[in-house]
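What follows draws every value from the coordinates through simple rules; no lab data is involved. Because the structure is a prediction, the values reported are computed rather than measured. Cβ placement follows ideal geometry from the backbone for every residue including glycine, while neighbour counts extend to all protein chains displayed.
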Amino acid sequence: MTKKPPAGDDGYTDDGSPGLDRIEPADMQTISVRRANELGDAARSAVESLLGRKVADEEQVTVMAYPATAENLPDRKGVARDLIEDLDSMAASASSIPEEEMDQLIDEAIWHIRH
């Protein structure tokens with residue numbers, strides 16, 4: 001049995017169990033479900049960084065880990081080809097819009113993003 005350090009910024013929860021960012025080899029698992037208020041400071045910070053927002057104490061956090069296989073990896077060349085086709089199609093449909101109107105639409109979109 002591995003001795004666990006006290007709770008705090010070490011990734012362990014207040015009860016001494018490993019947080020999401022620190023699982024000992026003997027404790028390895030595929031999925032972990034915890035309430036946010038059970039996470040150690042480092043684990044909670046990592047989750048919030050990944051989500052891009054704060055998590056409320058009552059929220060549940062689920063982490064899953066599984067090996068990547070050829071079946072669940074995207075066909076990168078196919079995805080890139082589809083994206084280029086979609087962008088070409090959008091560009092063709094927008095070619096009939098006068099340049100001044102297009103500039104106004106772009107300015108409006110940028111304004112909405114910034115405000």
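Key figures for this structure:
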| item | result |
| --- | --- |
| Two-site label geometry, LEU87 and THR30: point separation in nm, points 7 Å out along Cα→Cβ | 3.8 nm |
| Difference of contour (0.36 nm per residue) and Cα-Cα distance, ILE106 to THR69 | 9.3 nm |
| FRET E, pair ARG76, LYS54, Förster distance 35 Å, beta-carbon r, rounded to 0.05 | 0.55 |
